[in-house]
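The values are calculated or read from the model by the stated rules, or taken from the named source; none is laboratory data. Everything numeric in this text was worked out from a predicted model, so none of it was measured. As a convention, Cβ positions derive from the backbone with ideal geometry for all residues, glycine included, and neighbour counts pool all protein chains shown.
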Amino acid sequence: MDKKRIRNFSIIAHIDHGKSTLADRILEMTKTVEKREMQEQLLDSMDIERERGITIKLNSVQLEYKAKDGETYTFHLIDTPGHVDFSYEVSRSLAACEGAILVVDATQGVEAQTLANVYLALDNDLEIIPVINKMDLPSADVDRTKEEIENTIGLETSDAPLISAKTGLNVEDVLEAIVAKIPYPQDADDEAPLRALIFDSYYDKYLGVVMSIRIKQGTIKVGDKIRLMAAGVEHEVTEVGVKTPKILKTEKLEAGEVGWIAASIKTIKDINVGDTITNALNPAKEPLPGYKKMKPMVYCGIYPMDTNKYQDFKEALEKIELSDSSLVYEPETSQALGFGFRCGFLGLLHMEVIQERLEREYNLALIATAPSVIYKVYLTDKTMIEIDNPAMMPDPQKVDHIEEPFVNVKIMTPKEYVGDLMNLCQQKLGVYKDLEYVDDQRMILIYDMPLAEIIFDFFNKLKSISKGYASFEYELIGYRESNLVKMDILLNGDMVDAFSMIVNKQFAYHRGAALTKKLKELIPRQNFEVPIQAAIGNKILARETIKAYRKDVIWKLHAADISRKKKLFEKQKEGKKRMKEIGSVEVPQEAFIAVLKLD
Ligand code: GDP
Ligand code: MG
């Protein structure tokens, strides 16, 4: 294949600016996908992506484009997620590309993740093509959007395509810009020793581990003996191919191409995204630069509802880790929940998505404990321990002081919401840093804030205050001392470790009262009275009581009302599945989730 006719690129943008819709139009206009097979956000292939309308996984596809110069080009397009929790997917995609299309919604302008993704693209030395989208909407403001792109990013916008990804308006200009502006893979030499970057992977029942790769140099074909350079293991290639977006087998992949390979690999541990594949008989001297490992920001314990499913759960985690190497986990036990894993995530959305994927893709019923950041606990004996699980907090007498992670938060917002957003930041114990103008409409608010307050419902509040217009990004700046305490919940006098949380003392009373109230609503009546208490050490902060039930509701029904009775039984059975026996009390799964949503 003529390397000069290859273009590898990603589409990047803030969430909802139209990346996936643009990818749809490109697939359609290049006839990669037949009209009748077309569906919206085609590359969002996971159920959970389609339901939530967001992209979670990167997805790559090969397509052919006949350009106005008469030549046919091979494009490899990688669609990426926009949400901050999945930026690891973005950075991995970018390492496989020479260019990026930056989509900016003309009704919104530049937002926090627009900037964050541009920085990732610049880190990878990519050519960035700005594209202004949603031109079909009356509120599209081209001048302002261009001005924002030039002011905040410094990209030239005079010939930026003005498109509607929805109607297809001017999308051809994007295809032509890809041909004209994105460099072809310069150092792609088919004869050099093989070096291929693994940028994604997943597990297939029949093929074993399937790896998405970008071949930098050399060629790979069926039957080749390959070596994974970091893992140091060797395998024989059983299949290679590309995605169109259907899985298509080919004979080989050459330098400059993006595709997939399988090698009957069943040992998942061997595969690390970021590793370099070389040829075992003619190995490369140096691996490619890999990826920076991401450090999880949020931890929680996850447990199978049914303790017999521990082994299944463990295997599911291993498989999910293949397609999401930003997930970390290690075994832990809980008095209340039994054997499970402490898992680390890049953010709350990431945590929700992983839990949901585990439940759906592996048919597991799971319980997650309240999320926590990593605290540094300085003890009176002058030692320090790191804690990511409130249940591990030492006796208060032994604690000298506690430090928690702080982040620098940048909120981009239309200026009319600045006042209310400053109040929100204040409530969240933010320390004001700065206020900058983007242009005459929009501002950037800068605060230092405890990370724990961000993971605790900050995003939802920000969105509701700003009617969806504000966006934010954050970056870890270090640890600072805070006045923190461990709050426990006692059910019928027994502490439930899964409910324990570390909170700022200032919020302890309020959260304790709200949580006991919430639990009272969620935990069904038992045949005895159940007190629910929130406590710091021996000090009770709040108390609610669930009264004992008098008699089974069933008996209230009229004898003839069989079908209703049946339904009620079904419902109770369904409910049972999602109940966890804690001490002598049955607790529904919603109660564990309520802890996260509390305010
Ligand atoms: P992504 O999060 O960047 O992948 O964004 P999507 O492609 O999922 O689009 C987000 C929403 O914007 C969807 O409801 C799309 O239908 C809509 N959308 C995308 N492009 C356009 C456009 O050009 N015009 C209009 N009116 N809506 C668009
Ligand atoms: Mg998308």
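Identification of helices (runs of 4 or more DSSP H) wholly contained in the stretch 404-468 with 2 or more residues that are free of Cβ contacts under 8 Å to residues at least 24 places away in the same chain yields 418-427, 458-465. All of (1) modelled with pLDDT of 95 or more; (2) outside any strand (DSSP E or B); (3) more than 30 Å from Asp275 (Cβ to Cβ) hold for Ile132 with one exception: (2).
Filtered by the rule that a residue be among the acidic types (Asp, Glu), modelled with pLDDT under 90 and under 26 Å from the mean Cα position of the chain (by Cα), the stretch 384-414 gives a lone residue, Asp388. Return the residues of the stretch 2-42 that are over 26 Å from Tyr88 (Cβ atoms), modelled with pLDDT under 75 and either within 7 Å of ligand 1 (Cβ to nearest atom) or not charged (D, E, K, R) (or both); say none if nothing qualifies. Of everything in the stretch 2-42, those that are over 26 Å from Tyr88 (Cβ atoms), modelled with pLDDT under 75 and either within 7 Å of ligand 1 (Cβ to nearest atom) or not charged (D, E, K, R) (or both) turn out to be Thr32, Val33, Met38, Gln39.
Reported count of residues in the stretch 434-448, each being surrounded by fewer than 18 Cβ atoms within 10 Å (Cβ to Cβ) and more than 25 Å from Gln108 (Cα to Cα), is 0. Against the conditions (1) within 24 Å of the chain's Cα centre (by Cα); (2) assigned to a loop (DSSP other than H, G, I, E, B), Ser139 satisfies every one except (1). Taken over the stretch 147-187, residues that are buried (at least 18 other Cβ atoms within 10 Å of the Cβ), farther than 16 Å from Lys19 by Cα and under 29 Å from the mean Cα position of the chain (by Cα) amount to 5. Sub-6 Å Cβ pairs linking a first residue in the stretch 13-28 that is touching a residue at least 24 places away in the same chain (Cβ under 8 Å) to a second residue that is surrounded by fewer than 24 Cβ atoms within 10 Å (Cβ to Cβ) and assigned to a helix (DSSP H, G or I), at least 6 apart or interchain, are Arg25/Val171, ordered by first then second residue. Do we have any residue at all in the stretch 197-205 that's among the β-branched types (Val, Ile, Thr) and within 29 Å of Lys3 (Cα to Cα)? Yes: the stretch 197-205 contains one or more residues that are among the β-branched types (Val, Ile, Thr) and within 29 Å of Lys3 (Cα to Cα).
Restricting attention to the stretch 66-92, the residues being more than 13 Å from ligand 1 (Cβ to nearest atom), among the small types (Gly, Ala, Ser) and at pLDDT below 90 number 2.
What strands (runs of 3 or more DSSP E) completely inside the stretch 284-358 contain at least 3 residues that are without any contact (Cβ under 8 Å) to a residue 60 or more places away in the chain?
Fully inside the stretch 284-358 and qualifying: 328-334, 338-345.
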